[in-house]
Amino acid sequence: MVPQRGGHPGGRRADPGERSTARARTAEGPERERLWRMMTELAPVYRTCEARSRRQIPVVVVERS
């Protein structure tokens, strides 16, 4: 998950037949770098977005709570 703006850190996720609550946090440091590399390998367009931006694009980790 790579949001364009900040948001609520909690939420509900629903899959057919399954419900769960989750907590979101912004990845930092080495964790962010590792996840960012994965994201840009899967979707190279994020490299373009990052190059055009004046800010670091946040990487959000969503974990079941």
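The values are calculated or read from the model by the stated rules, or taken from the named source; none is laboratory data. Keep in mind it's a predicted model, so treat the numbers as computed, not measured. Every residue, glycine among them, receives a Cβ derived from its backbone with ideal geometry; neighbour counts consider all protein chains shown.
Here are the numbers:
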item: Residue within the range 57-65 that is among the hydroxyl-bearing types (Ser, Thr, Tyr), part of a loop (DSSP other than H, G, I, E, B) and at pLDDT below 90 present; result: yes
item: Number of positions in the range 10-56 that are at pLDDT 90 or above and in contact with a Lys or Arg (Cβ under 6 Å, 6 or more places away or on another chain); result: 1
item: Residues of the range 17-56 classified as in a helix (DSSP H, G or I) and either of a type outside the set (Phe, Trp, Tyr) or loosely packed, with under 11 Cβ neighbours inside 10 Å (or both), total; result: 20
